[in-house]
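Here's the structure we're looking at; comments come further down.
The values are calculated or read from the model by the stated rules, or taken from the named source; none is laboratory data. The model shown is predicted, which means the values in this text are computed figures rather than measured ones. Here the Cβ is made from the backbone with ideal geometry for all residues, glycine too, and neighbour counts use every protein chain on show.
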Amino acid sequence: MAKVKEITRKLEEIQKKIKAEIPWEPVGPTPMPEIPDLRNWDMRLLKTYAPFYAPFCDLCCFCTYGKCDLTETRRGGCGIDIATQQARWVLLACLMGCSAHAAHGGHILEFLIEKYGPDKKIDLGGSINIEAPHIRTVVGLKPETLGDLVIAIEYVFKEITHLLDSTAMGQEGSYLDYESKALHAGMLDHVGMEVADIAQIVGFNYPTSVADTPLIDLGWAAVDKSKPVILFVGHNPATSTVVIDYLRENNLYDQVEVCGVCCTALEASRYSDRAKVVGPFSRQLFFIRSGIADVIMTDEQCIRTDMPIEASKAGSALIATLDKAMYGLEDASEMDTEEIVKQMIEDKKHFAILDPRKAAEVAAKVAMEIAPQRRKEWLTEEEARELSQKCNDCGMCEQVCPNLFNIGAGIAEVAKGKFDLIREQFNLCVGCGKCEAECPRKLPIFKIMQIAASKETWKVRAGRGPIMDTEIRTVGAPITLGTIPGVVAIVGCSNFPDIRDIAEMVDEFAKRKYIVVVSGCSAMVAGMWKDADGKTVYEKYPPNFDMGGVVNVGSCVANSHITGAAIKIANIFAALPLRGNYEVMADYVLNRVGAVGIAWGAYSQKAASIATGCNRLGIPVILGPHSSKYRRLYLSRKEEDDWRVMDARKREIVDTVEPAPEHLAYVCETKEKAMVMIPKLCIRRNDTPQGRAIKLNHYISLHKKFMGGGLPEDIHLFVRRDPDIPLVYKKEVREYLQKIGWQPREPVGLPTLIGTYPSKVPVDAVIH
Amino acid sequence: MSVIPYHRVNVLTGIKSARLIEDAQEYADLIQKAKRPLLVLGPLLLKRSLDGKLLIEYALEIAKAANIPTCATAQVRAKMAELGVKPDSFYDVVEIINALKDPNWRGVKKEGNHDLVVFFGIRSDLGEQGLSVLKHFAPHLKTMTLCKYYFPNANYSLPNFRKDEQWKAFLESLIDNLKKGA
């Protein structure tokens, strides 16, 4: 803990907040860490995984001294240089993301405490004792009630304020310190997400302590458009749960169809397995423009900012239900319900209604009233062909496409009555609508693309929340020894180079007996593919957190359960105390837990924040090509970097040579390259010979599959001794090693970074 | 050439733009003048063809004509193996850029860092970001692109060719000029 805490009353206050007197574990060195408390850990990480900046803009335009040109060696009016400016942007992005989740958590807590009171017990079922690994590790608190979660979220709020303060003009001047702050924000994000999801599970009775959650209907064809349709868009389930309650209580649930886009859909389906999941964020605008939704209810995060315009165009009624996004609409929270319904039907007026109960009643009444009068038919191929005739192939649509494809060519084919190309392109479309906005002939491109949208339905497994302690006990040893080759977390948003990539990656790694974990929009699109037997990955693979399982933890905020599982391995399997003991947990994960995150379609600031939180915890993340626009990666230089660790058993520093893991934040251009990087980034220094051989077997075989045969050119860095070489490639690898003059080296007994940098944590602390 | 307003502080657009070059002879001269050029090959070279000839084939002809070492990114090496060509190095695009920005890096031939890096076949968003890294953090080298569109963050770029025929003509002329100058 920072020195300042020792000489003030701060430590005493922290101990009071975290109820330090309850001795469930000794309090570690960093309960409720502030900005400087984990800085040395960050700097150690950043020494090996140096920030790699790709400026998205050459300028700073934050203050009235600017615009300041930061090219070449120029500094801005405040003295900032281009690297530090990028790091400041990264911190701001992480803070936006962290705030979104934390505010979500804070709102849900308020909502539930209003309903149940602060003493409502946290009970995640018989298989989960470590209910909140992040809160326990970071905050140092074992939360027992909703009221305890308030302590955790208030800590996050406070830290966010300090971090945001540092981005004001004329403050931090070091890119490394900005990175340390970004890592701090990322860590806080996982606490905020955990607060949100635990509160939701407790307050809404979501599934918990169960793997085999229901299979939910997925796809817009799953929505019964003959009924009045209420669509939820966003993330926060306070609204959707109340709407479902209202429909149930009034015997209307059979008459009204309830569905969602983006994470709020996953939340609704955790509450009721009859709620339909339309699809990911990238399908939002398509679905809204289809007009199938009679009433659209927005909550927060990942909702289009032009929703009132789009709702009006589609003839749908819109209710904004949370203060985060009120769109300039009249706040009708205190207006008479019947009057709101009347104005929405007769005047086609949209409203903000912040009282969920009132919003639910209005939504149900308006949907039932307007649905019979609305046309909800898909465009026919003939209609699409006719609309496409107006295209003059000007190319403007291609120039503005963030996924860099030529939709104009697809439209030109439709005009000829050919639909194959546009069906192919629909898989590439990220749903931004820029093409249509740019079209000088005002072609309704999104409407035309309706003919490309599959009318097929799929299945997605309902989010199951935390990984169970019982599962951790089973997989802890094989993961840390390497005999389960890795945990592959395919998570996040839908800015995919190709929507089909996700299911392909899930299938490849589940087949190879990795543990595959999914969340958010990636969890949905993983289900949008069927094998030859007509099965989705959720039907093809078991739902257990075990080798070959495919586990959907839930929405964005459920990502905290994936990183939480890594902490649980250290705590449950290795019996290392976690309370206020972040460095030890992160060091364990970095050196021993072969986990990698893949945010293939990351687009939001939330994804930046989640990924950065993974990085501080020692989990590498692979990003898709669009994510180069996040401006920063954490890359090593393989043979040229510092791979020394402390062997805690021998108390000596050892140069392991092996870049394991090689990078912390990495962008791949193609899914083929990503699938080669995944097994490599699961390699850890702690692997046993058997485990290492299994991991190298996958690395070599995927390299051969996608890189045209031959061995990976860096294979020698990961072979410590002959038993590390996979049996099937023994001869080939031995020949290669002999050719390049490779020498065997001893595996490290107990690898740790503790002891290689200034830290208050003693080396003894990592011995279990 | 971009025009910068006199009171640039108010309206600066933020692009230190690439020099646009349409003359293949000028491109060939720049490549041949370089002491240690490098050709970075991206996966779009495997997807696109001009008149039935894959872009990777043009790229390999350029490398051969100018005797430029190659760096295969993503899965390009697989196709090169099929064509019977071994790249001089394998790095993914962020890795080669990370190495290039270090002035003390010894380059793919271990003879010193490169002074001209030619990019061909990287998707434009990632390519532009990579070029931005080198623009800001690698003043010791120049960058060039061979893709169909203008890349402002490079030092030298082709224009936005409206038609594939124009691009094809440029690439063929470049290969001819490099062969002549060899």
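Values computed for the structure shown
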item	result
Residue under evaluation A:A83, criteria (1) surrounded by 23 or more Cβ atoms within 10 Å (Cβ to Cβ); (2) in contact with a strand residue (DSSP E or B) (Cβ under 9 Å, 6 or more places away or on another chain), criterion not met	(1)
Members of region A:666-705 that are within 11 Å of chain B (Cβ to nearest Cβ) and among the polar types (S, T, N, Q)	A:T670
Top-ranked residue in region A:655-693 [being among the β-branched types (V, I, T) and buried (at least 23 other Cβ atoms within 10 Å of the Cβ); ranked as nearest to A:K629 (Cα to Cα)]	A:V667
Some residue of region A:406-427 being of a type in the set (V, I, T) and outside any helix (DSSP H, G or I)	no
Helices (runs of 4 or more DSSP H) lying entirely in region A:473-553 (those with 3 or more residues that are under 17 Å from A:Y699 (Cα atoms))	A:501-511
Residue within region A:349-368 that is more than 30 Å from A:A103 (Cβ to Cβ) and in contact (Cβ under 8 Å) with a residue 60 or more places away in the chain present	yes
Odd one out for A:N40 among (1) away from every other protein chain (no Cβ under 14 Å); (2) in a helix (DSSP H, G or I); (3) crowded, with 18+ Cβ neighbours inside 10 Å; (4) touching a Ser or Thr at 6+ places or on another chain (Cβ under 9 Å)	(3)
Residue within region A:616-636 that is touching a Lys or Arg at 6+ places or on another chain (Cβ under 9 Å), farther than 23 Å from A:K760 by Cβ and hydroxyl-bearing (S, T, Y) present	no
Spans of helices (runs of 4 or more DSSP H) in region B:1-115 with at least 1 residues surrounded by 15 or more Cβ atoms within 10 Å (Cβ to Cβ) and modelled with pLDDT of 95 or more	B:24-33, B:55-66, B:76-82, B:93-100
Which listed residue, of A:P497, A:P485, A:P543, is over 16 Å from the mean Cα position of the chain (by Cα) and under 30 Å from B:D125 (Cβ atoms)	A:P497
Pairs with Cβ under 8 Å, 6+ apart, first in region A:151-165 and within 16 Å of A:A93 (Cα to Cα), second charged (D, E, K, R) and crowded, with 16+ Cβ neighbours inside 10 Å	A:E159/A:E34; A:H162/A:E34; A:L163/A:K181
Flag for B:V133 being touching a strand residue (DSSP E or B) at 6+ places or on another chain (Cβ under 6 Å) and either within 14 Å of chain A (Cβ to nearest Cβ) or modelled with pLDDT of 95 or more (or both)	no
Those residues of region A:249-268 which are buried (at least 23 other Cβ atoms within 10 Å of the Cβ), in a helix (DSSP H, G or I) and either free of Cβ contacts under 8 Å to residues at least 12 places away in the same chain or in contact with a Pro (Cβ under 8 Å, 6 or more places away or on another chain) (or both), in sequence order	A:T264, A:E267, A:A268
Tabulated pairs, region A:221-248, first assigned by TED's automatic domain parsing to the domain that holds A:C521 and free of Cβ contacts under 8 Å to residues at least 12 places away in the same chain, second surrounded by fewer than 24 Cβ atoms within 10 Å (Cβ to Cβ) and not basic (K, R), C-beta under 6 angstrom, 6+ apart or interchain	none
Matching residues, region A:131-162, being small (G, A, S) and surrounded by fewer than 18 Cβ atoms within 10 Å (Cβ to Cβ)	A:G147
Tally of residues being facing chain A (nearest Cβ under 10 Å) and under 14 Å from B:L45 (Cβ atoms) across region B:84-120	1
Scan of region A:94-131 for residues that are farther than 27 Å from A:D323 by Cβ and within 24 Å of the chain's Cα centre (by Cα), ordered by number	A:L124, A:I128, A:I130, A:E131
Output for region A:637-654, where each listed residue is crowded, with 22+ Cβ neighbours inside 10 Å and under 23 Å from A:G486 (Cα atoms)	A:V645
Top-ranked residue of region A:427-466 - restricted to ones that are under 30 Å from A:G126 (Cα atoms) and in contact with a helix residue (DSSP H, G or I) (Cβ under 7 Å, 6 or more places away or on another chain), ranked as surrounded by the fewest Cβ atoms within 10 Å (Cβ to Cβ)	A:K459
Test result for A:V277, in contact (Cβ under 8 Å) with a residue 12 or more places away in the chain, aliphatic (A, V, I, L, M) and buried (at least 24 other Cβ atoms within 10 Å of the Cβ)	yes
Any hit, region A:710-733, residues being among the small types (G, A, S), within 14 Å of chain B (Cβ to nearest Cβ) and surrounded by fewer than 23 Cβ atoms within 10 Å (Cβ to Cβ)	yes
Selected residue (criterion: farthest from A:K629 (Cα to Cα)) from residues of region A:382-405 that are more than 14 Å from every other protein chain (Cβ to nearest Cβ) and without any contact (Cβ under 8 Å) to a residue 12 or more places away in the chain	A:E382
Selection from region A:47-61 of residues that are part of a helix (DSSP H, G or I) and either within 26 Å of B:D125 (Cβ to Cβ) or hydroxyl-bearing (S, T, Y) (or both)	A:T48
Region A:628-641, subset assigned to a helix (DSSP H, G or I) and either more than 18 Å from A:G601 (Cα to Cα) or at the interface with chain B (Cβ under 9 Å from one of its Cβ atoms) (or both), residue modelled with the lowest pLDDT	A:E639
Qualifying residue in region A:210-232 (condition: within 23 Å of A:Y541 (Cα to Cα) and out of contact with any strand residue (DSSP E or B) (no Cβ under 9 Å at 6 or more places or on another chain))	yes
Residue in region A:62-75 that is part of a strand (DSSP E or B), touching a Leu at 6+ places or on another chain (Cβ under 9 Å) and either within 14 Å of another protein chain (Cβ to nearest Cβ) or under 30 Å from B:K135 (Cα atoms) (or both) present	yes
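Residue by residue, here is whether (1) within 24 Å of A:N495 (Cα to Cα); (2) out of contact with any Ser or Thr (no Cβ under 7 Å at 6 or more places or on another chain) holds:
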{"site": "A:S282", "(1), (2)": "yes, no"}
{"site": "A:T305", "(1), (2)": "yes, yes"}
{"site": "A:L329", "(1), (2)": "no, yes"}
{"site": "A:S333", "(1), (2)": "no, yes"}
{"site": "A:V341", "(1), (2)": "no, yes"}
{"site": "A:I353", "(1), (2)": "no, no"}
{"site": "A:E377", "(1), (2)": "no, yes"}
{"site": "A:T380", "(1), (2)": "no, yes"}
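This table checks each residue for (1) under 27 Å from B:I21 (Cα atoms); (2) not small (G, A, S).
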| residue | (1), (2) |
| --- | --- |
| B:A72 | yes, no |
| B:Q75 | no, yes |
| B:A78 | no, no |
| B:K86 | no, yes |
| B:Y91 | no, yes |
| B:V94 | yes, yes |
| B:W105 | no, yes |
| B:S132 | yes, no |
